[in-house]
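S.K.: Pasting a structure below so you can have a look.
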Amino acid sequence: MSNVYLGYHFTIEPKELGSEILIAELGELPFESFIESEFGVTAYIQKQFWKEDILEDLFVLNSPQFIISYTVEEIEQVNWNEEWEKNFEAIDVDGNCHVRAPFHPKTDAEFDIVIEPKMSFGTGHHETTHMMIQHLLEIDVTGMKTLDMGCGTAILAILAEMKGAQPIDAIDIDNWCYLNSIENAQRNNCHHISVYEGDASLLVDQQYDLIIANINRNILLNDMQHYVDRLNPNGILLLSGFYEEDIPFINESCTEKGLTYVKKFQRNNWVSLKYVN
């Protein structure tokens, strides 16, 4: 007998931070799969585990910071592979980096990255990941000790290794991202990436030549001193996960800690900044 699922289609504003918090909260409930959409996220739960007040106590739905609406549909059976294939298209960044799922054909791009996204963010489709890839494509990272903070799928750590960076630490606070990053690193034959589950408190004795942090404004501002303290002289800090209007706050935090602004990428209203120590 096939399981009956309910699909919750959430529209979220602002999408990036709202989706992260919503998925974290739904993950504590019996929701078992999440798929990023253009306007938010779709979450699936087996109908047998559903109850009428299941969303009642979610912080994100009651927070004035976010505007969230949703519709619900009943689905007789979910073919998860089919859902991924329907929602995950291969992308190309500047003709040099191709990001694809295992079911997509290989291309002759210089950097061909295979990602099984599952429930993790960071497939390259989001503007922030796309811009971080652009930064990495421009930098000679050969031999750089690298940190990918908030690694998601580890896509940025994987690209860094493909370009010659090593060793690489990839850290994410989410257990699913931690497990997915290990899997994706193995899938891309990476041998210099160590994945850890946790937050900036793990950054104690390490020093890095390159730090990549694609998270969100509030976490970046909260952890900025950790990043600066861990950055070697002439080291590079790449930041994203925030909007154009957040730049003054990020820039003030970086410059007062001795970093020098170098470059900005912008896609829609999202931005990515490069600083050097």
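S.K.: Looking only at segment 2-13, which residues are surrounded by fewer than 19 Cβ atoms within 10 Å (Cβ to Cβ) and either out of contact with any strand residue (DSSP E or B) (no Cβ under 8 Å at 6 or more places or on another chain) or of a type in the set (A, V, I, L, M, F, W, C) (or both)?
M.R.: 2, 4, 6
S.K.: Testing residue 37 on (1) out of contact with any Pro (no Cβ under 9 Å at 6 or more places or on another chain); (2) buried (at least 16 other Cβ atoms within 10 Å of the Cβ), one condition comes back false. Which one is that?
M.R.: Failing condition for residue 37: (2).
S.K.: Shifting gears a bit: Could you grab me the full set of residues in segment 188-205 that are touching a strand residue (DSSP E or B) at 6+ places or on another chain (Cβ under 6 Å) and in a strand (DSSP E or B)?
M.R.: Of everything in segment 188-205, those that are touching a strand residue (DSSP E or B) at 6+ places or on another chain (Cβ under 6 Å) and in a strand (DSSP E or B) turn out to be 193, 194, 195, 196.
S.K.: Follow-up. Tally time: how many residues in segment 236-277 are of a type in the set (D, E, K, R) and either within 17 Å of the chain's Cα centre (by Cα) or open to solvent by less than 10 Å² (accessible area, probe 1.4 Å) (or both)?
M.R.: Residues that pass the stated criteria total 1.
S.K.: Condition test on residue 141, is it open to solvent by less than 40 Å² (accessible area, probe 1.4 Å), in a loop (DSSP other than H, G, I, E, B) and either modelled with pLDDT of 95 or more or not β-branched (Val, Ile, Thr) (or both)?
M.R.: yes
S.K.: Test of understanding: among 211, 219, which residue is more than 21 Å from residue 116 (Cα to Cα), part of a strand (DSSP E or B), in contact (Cβ under 8 Å) with a residue 60 or more places away in the chain and within 15 Å of the chain's Cα centre (by Cα)?
M.R.: Answer to the selection: 211.
S.K.: Would you confirm, using the coordinates I've provided, whether residue 237 is closer than 28 Å to residue 116 by Cα, of a type outside the set (Val, Ile, Thr) and either in contact (Cβ under 8 Å) with a residue 40 or more places away in the chain or outside any helix (DSSP H, G or I) (or both)?
M.R.: Considered against the rule, which asks whether it is closer than 28 Å to residue 116 by Cα, of a type outside the set (Val, Ile, Thr) and either in contact (Cβ under 8 Å) with a residue 40 or more places away in the chain or outside any helix (DSSP H, G or I) (or both), residue 237 comes out as yes.
S.K.: If you don't mind, another one. Please determine, by comparing only the residues of segment 57-104 that are touching a Phe, Trp or Tyr at 6+ places or on another chain (Cβ under 7 Å) and open to solvent by 70 Å² or more (accessible area, probe 1.4 Å), which one is modelled with the lowest pLDDT.
M.R.: The residue in question is 85.
The values are calculated or read from the model by the stated rules, or taken from the named source; none is laboratory data. What you see is a predicted model, and the numbers here were worked out from it, not measured in a lab. In this analysis, Cβ positions are derived from the backbone assuming ideal geometry, glycine residues included, and neighbour counts consider all displayed protein chains. Heads up: the accessible areas ignore ligands, DNA and RNA and are worked out on the full protein's heavy atoms, side chains in. Shrake-Rupley method; radii C 1.70, N 1.55, O 1.52, S 1.80 Å.
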